[in-house]
Amino acid sequence: MCGIVGAVAQRNVEGILLEGLKRLEYRGYDSAGMAVLSGDGRLQRSRAVGKVAALEACLAAEPMTGHCGIAHTRWATHGRPTEDNAHPHLSGERLAVVHNGIIENHEVLREELVAAGYRFTSQTDTEVVAHLIDRDYRHSQDLLSAVQSSLARLEGAYALAVVHADEPDVVIGARQGSPLVVGVGIDEAFIGSDPLALLQVTDRFIYLQEGDLVRLADGGRIDVYDTSGRTVEREVDTFEHGDGAASKGEYRHFMLKEIHEQPAVIAAALEGRLGDSAVLVESFGPEARALFERVQQIHIVACGTSYHAGLVARYWLERYAGVPVQVEVASEYRYRQVVVPEGTLFVTLSQSGETADTLAALRFAREKGYLASLAICNVPGSSLVRESDLTLMTQAGPEIGVASTKAFTTQLAALMLLTLALGRSHGLDEAIQSELVNALRGLPRLVERVLALDEGIEALSTGFAEKHHALFLGRGAHFPIALEGALKLKEISYIHAEAYPAGELKHGPLALVDSEMPVIAVAPNDELLDKLKSNLQEVRARGGELYVFADEQVSLAEEPGIRVLHLPHVHEALAPLLYTLPLQLLSYHVAVLKGTDVDQPRNLAKSVTVE
């Protein structure tokens, strides 16, 4: 979603802020802006609708100079993408604010501030924050205390950065329900909604906790305050991934780079977590072994791609761990009467660990009597990780492309680890455990073999260049993979795509099948293969064009109307992970053919930090 960058430095901050915004472009946005405090006490501001490049052009025409400033990329929640609605928002000519999140009581506060004489120039909820802080500043003449008192009036989720011309070497930051990190420099200090924005200047970060407020000042001074206003010490962490993680390298797009990183990141997700013949249960935390023995049921809650990973895990957990599993869309979960059976483990899945709906579901679940909570996540300092009882990091590294690829497959790898860890506590046969552990060890090599089929998949993509609709089919644990394939295609190529269990064709979707509706199917060599073959014949009988990704041991030949690409044989349990790879590549190549913005598809954001 929106991105924040701020700096108090020994040098001109315009370039630092601009580069930070460029590194946050992956989050999705519709406008960008910057405010810098000049040495002579002026507040300079520049804003532009569209890409950061438009703001860069404005700054090239009218540069800004100063040692303190804030910047922002906005994803619209209140008001259309216009320059007036772009951040930073001012109150008068002295105070500027940037904001991620939503202020839920902004209408009441707006009425109050209008009555007090403030004039609004935007439709946003953020401008309320600027005027509220300005009003408090007029009384206190201290920016820190003005922000503290204003925060007490706000309802909702926010990350804020504030500057005032009267304090030209100070940036105030605050977080409540939206991520914010502090970058620790040498006699300099920075703030950002993501460490990636600041890797140009530091690799040391303080991950602010819920309700924290921070004051950055000249000389690199950093003071953190908790919700009671007391000064607190927060640990400084060194970022684990190199700055190159934010570079495309030799690849045309981040998405393609991240697809090809999957052998390495899957290996990283498994590293140190596999014993000779079983999963090391302690990977989930020192309390995990005793806790897993008490698990009688599992609730998985997630959004989007992570939800699809949870659907796959349901098949694994029920088959190998023998516990019933319920998978929920996070945005729906807390708006119904949830029944929590005794001994239920609450599992959340998130790439960022800051997904608003998933975080809200975790906080809702705390009051419902769950046995414990487990977060499977990619960001160590995220809210989801800090607020869960147990955690397992997916080790995918930064994922820049909006359409998730390596985050999905590492989630699946982590969920198989969970399956085997719970199975170990619930009587899973040791021979089966050993068989699956060995299959996991060989998985990265199989992934490399599938990625080597890229040229053939690119050739298949030409059949989609002029299409407007597509249908994905799968059976069993591969129905969620079909869902994920359809999501990828619609996300980045803007082709309308749907997914169905193949057995449901005759219950409605078959009416859509004709020569203009390509049908994509995944055909692993499992017990449902013969039934799937029958479903494929139903498609051919209606003139549908079939694209089938099949196990190399499956006897399925190409013929007019059927294109087949064979994948290496894989253990049946791990086939869902392997079969998602050609669907990722197919979607990528179709999007390139159609000329869409692969890494930043329209209307979407990487980290969805509002409900």
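Read-outs: derived from the displayed coordinates by stated rules, not from any lab. Source: prediction; values computed, not measured. As a convention, Cβ positions derive from the backbone with ideal geometry for all residues, glycine included, and neighbour counts pool all protein chains shown.
Hey, got the dipole for the range 353-404? About the Cα centre, +1 on K and R Cβ, -1 on D and E Cβ, debye to the nearest 20? Walk me through the intermediate numbers first.
Values: 4 positive and 6 negative charges, 27 e Å.
Around 140 debye, computed over the range 353-404.
What distance in nm lies between label points placed 7 Å from Cα along the C-beta direction at residue 108 and residue 319?
5.2 nm
Under Stokes-Einstein, with the Kirkwood radius over Cα pairs standing in for Rh, what whole-number D in µm²/s applies to the range 248-451 at 4 °C and 1.567 mPa s?
76 µm²/s
Between residue 347 and residues 5 or more places away or on another chain, which pairs have amide H atoms under 5 Å apart, with H built 1.01 Å from N, and which residues are they?
For residue 347, whose amide H was placed from the backbone, the distant partners under 5 Å are 299, 300, 301, 374.
Using all alpha carbons of the chain, what is the percent of pairwise distances in each 10 Å bin, ordered from the shortest bin to the longest?
3, 17, 25, 24, 17, 10, 4, 0
Could you work out the mean projected area of the convex hull around the alpha carbons of the range 77-162, in square nanometres to one decimal? Can you show the working numbers first?
Working: hull surface 20.1 nm².
Averaged projected hull area, Cα only: 5.0 nm².
Going highest first, how would you order 332-342, 201-211, 309-319 by mean Cβ packing within 10 Å?
On the way: 332-342: 12.0, 201-211: 18.8, 309-319: 22.6.
Ranking the peptides 332-342, 201-211, 309-319 by packing returns 309-319, 201-211, 332-342.
Stick to the Cα atoms of the range 197-351, pair each with every other, and give me the Kirkwood hydrodynamic radius in Å at one decimal.
Across the range 197-351, the inverse of the average 1/r is 20.0 Å.
Using every pair of alpha-carbon atoms in the range 122-270, split the distances into 5 Å bins beginning at 0 and state the percent of pairs per bin, rounded to integers.
P(r) over the range 122-270, rounded to whole percents: 2, 9, 16, 18, 16, 13, 9, 8, 5, 3, 1, 0.
Taking amide H positions as placed 1.01 Å from N in the peptide plane, with prolines and chain starts having none, which residues 5 or more places from residue 156, or on another chain, fall under 5 Å of its amide H?
104
How big is the range 3-246 in terms of Cα radius of gyration and Dmax, in angstroms?
16.2, 51
Before anything else, pin down the relative contact order of the chain: Cα pairs under 8 Å, at least 6 apart, normalised by residue count, whole percent.
Once divided by the residue count of the chain, the mean separation gives 12 percent.
On a 0 to 90° scale, report how tilted helix 406-425 is relative to the longest principal axis of the chain, with both axes built from alpha carbons and the result rounded to the nearest 10.
Result, in degrees: 70.
What is the range 275-422's relative contact order, in percent, from Cα pairs under 8 angstrom and six or more apart in sequence?
It rounds to 27 percent for the range 275-422.
Taking the Cα centre of the chain as origin, work out the dipole magnitude from +1 charges on Lys and Arg Cβ and -1 charges on Asp and Glu Cβ, in debye rounded to 20.
600 debye
Using the Karplus curve 6.51 cos²θ - 1.76 cosθ + 1.60 with θ = phi - 60°, what ³J(HN,Hα) values do you get for each residue of the range 392-399, in whole Hz, with x for Gly and Pro?
9, 7, 7, 6, 7, x, x, 10
Rule-of-thumb check for the range 326-407: C-alpha Rg over 2.2 N^0.38 Å?
Rg over 2.2 N^0.38 Å, computed on Cα atoms: 1.10.
Along each of its three principal axes, how wide is the spread of alpha-carbon positions in the range 453-602, in whole angstrom units, largest first?
If we take the Cα atoms of the range 453-602, the spans are 40, 33, 26 Å.
Over all pairs of distinct alpha carbons, what does the Kirkwood formula give as the hydrodynamic radius of the range 368-504, in Å?
When all Cα pairs of the range 368-504 are included, the Kirkwood radius is 17.9 Å.
What ranking do 410-422, 447-459, 181-193, 132-144 get when scored by the average of other Cβ atoms within 10 Å per residue, highest first?
With the highest mean Cβ count within 10 Å placed first, the list reads 410-422, 181-193, 132-144, 447-459.
Using only Cα atoms, tell me the angle between helix 126-140 and the longest principal axis of the chain; keep it within 0 to 90° and round to the nearest 10.
Around 30 degrees separate the two axes.
Counting pairs of alpha carbon atoms under 8 Å apart in space and at least six apart in sequence, what relative contact order in percent does the range 3-246 give?
Details: 605 pairs, mean separation 49.8, N = 244.
RCO, the range 3-246: 20 percent.
Which Cα, out of 583, 15, 236, lies furthest along the positive dipole direction of the chain (beta carbon charges, K/R +1, D/E -1)?
After comparing all options, I get 583.
Could you compute how fast the range 1-129 diffuses translationally, taking Rh as the Kirkwood radius over C-alpha pairs and applying Stokes-Einstein at 20 °C with viscosity 1.002 mPa s? Give it in µm² per second.
The estimated diffusion coefficient comes to 145 µm²/s.
Which angle from 0 to 90°, rounded to the nearest 10, does the C-alpha axis of helix 356-365 make with the longest principal axis of the chain?
80 degrees
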